[in-house]
């Protein structure tokens, strides 16, 4: 994805939609980075879906295994995972784990 005004607007809208859906976690921290520009020319970039890196801290992750945490994030993002998001690198932490990473 290039860095034209149209693609920046699209990215901003996507990030807003992702953040809105992640609000259900009542996050203590939500860091979301659009890394789509790093993947320009990649086959997945041709679909128009973005590449993102997420670090989410929420009480909802307490006591859950990694796969359960990721599943919750994927469920919250729903159809975006098949349309707007091509790749998502997830770090999902409970508050007690924040200083351990």
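Summary table below
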{"quantity": "Exposure proxy ranking, count of Cβ atoms within 10 Å, fewest first, for 25, 61", "calculated": "25, 61"}
{"quantity": "Residues of region 68-88 with amide N under 18 Å of a point placed 7 Å along Cα→Cβ from residue 15", "calculated": "84-88"}
{"quantity": "Efficiency of FRET from Cβ geometry, residue 66 and residue 28, R₀ 22 Å, rounded to 0.05", "calculated": "0.75"}
{"quantity": "Inter-label distance for residue 35 and residue 97, nm, one decimal - labels placed 7 Å from Cα along Cα-to-Cβ", "calculated": "1.8 nm"}
{"quantity": "Neighbour-count order for 70, 86, fewest beta carbons within 10 angstrom listed first", "calculated": "70, 86"}
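Throughout, read-outs are computed from the coordinates displayed, never taken from laboratory work. Owing to the predicted nature of the structure, the values given are computational and were not obtained by experimental measurement. Cβ coordinates were reconstructed from backbone atoms using ideal geometry, including for glycine residues, and neighbour counts include every protein chain displayed.
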